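Working notes for the structure below.
Bear in mind that the values in this text are calculations on the coordinates, not laboratory data. Model, not experiment: these values are computed from the prediction. Please note: Cβ atoms are built from the backbone with ideal geometry, for glycine as well, and neighbour counts cover all protein chains shown.
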Amino acid sequence: MATTTESKLPSRDDALALLDEWVQADSLRRHCLAVEAAMRAQARERGGDEELWGLTGLLHDLDYDRYPDPQTGHPRMAMAELERRGYPPELIRGVASHADYLGVPRESELELALAAVDELCGFVLACAYVRPEGIHGLSAKSVRKKLKQPSFAAAVNREDIARGAAELGVEHDELITAVVSALEPLADELGVGTAWRNRVDDATREAARPEPASGRFASP
């Protein structure tokens, strides 16, 4: 029997159409796809609703392109739009909770997982982007080494990454490995796969480089 949440949750195709309508920056779209993949993996690991967790990850930065100002915009506009479209309150609260400045405490595993993987996804993509192999073979040890370099992806808040893992109750290396594993199947779509890197020129790769916007789309 479908749960109440499932009955209210729009399809992934609808969510992708909404994302495409609101998000123009390729780097932000890739980030949202990465967080979706990481959230789906976390849902499977923790017995959560994979569609709910996945769509929360996909749409958590829905309004960042249009309304990036934390004082008046992101994620308030996304929350209002999602509510208008009938998305479930669990998803909308998850979107709210990932923005520390809104003061929404993280209570559910969904909310804790989103906070844990959000910044980390951006950092993992940044690490993968500078490797000839992309994300393939990227180890937790390599990611930790880059985390210790303040100049690399400097916009990423290292304390947020560490705190996210701790609040979720997982070891740092375990979470890094889980995120890499979740993102690897989407390597070419995320711009960190060898096939993608081989078929585009340097100018295209440079244009696709993740951007350091608030640390979410980190670049070295």
* To do: Would you kindly derive the ³J(HN,Hα) couplings of region 155-163 from the backbone phi angles with the Karplus curve 6.51 cos²θ - 1.76 cosθ + 1.60 (θ = phi - 60°), listing them in order in whole Hz, with x for Gly and Pro?
  => 6, 6, 7, 5, 5, 5, 5, 5, 5
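Quote to one decimal, in nm, the extra length available between residue 85 and residue 107 on full extension: 0.36 nm per residue of separation minus the C-alpha distance between them.
Value of the extension gain: 5.5 nm.
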* Using a Gaussian network model of the chain whose springs link C-alpha atoms within less than 10 Å, name the residue from 162, 37, 80 with the highest mean-square fluctuation. => 80
* 10 Å binning of all Cα-Cα separations within the chain, expressed as whole percents from 0 upward -> 9, 36, 38, 15, 2, 0
* Asked: From the backbone phi of region 60-75, what are the Karplus-calculated ³J(HN,Hα) couplings (6.51 cos²θ - 1.76 cosθ + 1.60, θ = phi - 60°) in whole Hz, Gly and Pro given as x?
  -> 5, 10, 3, 9, 5, 5, 7, 9, x, 5, x, 7, 10, x, 3, x
* For residue 63, enumerate residues with amide H under 5 Å from its amide H, sequence gap 5+ or separate chain, H modeled in the peptide plane. => 78
* Asked: How far, in nm, would the chain grow between residue 72 and residue 149 when pulled straight, counting 0.36 nm per residue and subtracting the alpha carbon separation?
  -> 24.5 nm
* Taking the chain as a Gaussian network, where each spring joins two C-alpha atoms under 10 Å apart, which residue of 17, 165, 115 fluctuates the most? -> 17
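Rounding to the nearest 20 debye, state how big the charge dipole of the chain is about its Cα centre with +1 on each Lys and Arg Cβ and -1 on each Asp and Glu Cβ. Don't skip to the answer; put the middle values down first.
On the way: 26 positive and 38 negative charges, 130 e Å.
The dipole of the chain has a size of about 620 debye.
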* Positive-end residue of 92, 120, 55, charge dipole of the chain with Cβ unit charges -> 120
* Structure fact -> Asserting the computed 222 nm helical MRE of the chain (DSSP H runs at least 4 long, -39500 (n - 2.57) per run, divided by residue count, to nearest 500) equals -18000 deg cm²/dmol
* Where does the longest stretch of the chain lie that holds no GluC sites (Glu not before Pro) found in a DSSP loop with 12 or fewer other Cβ atoms within 10 Å? -> 1-106
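What order do you get for 79, 39 when you list them from fewest to most C-beta neighbours inside 10 Å? The partial results should precede the final answer.
Values: 79 21, 39 29.
Fewest-to-most ranking of 79, 39: 79, 39.
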* Structure fact -> Fewest to most Cβ atoms within 10 Å: 16, 138 sort as 16, 138
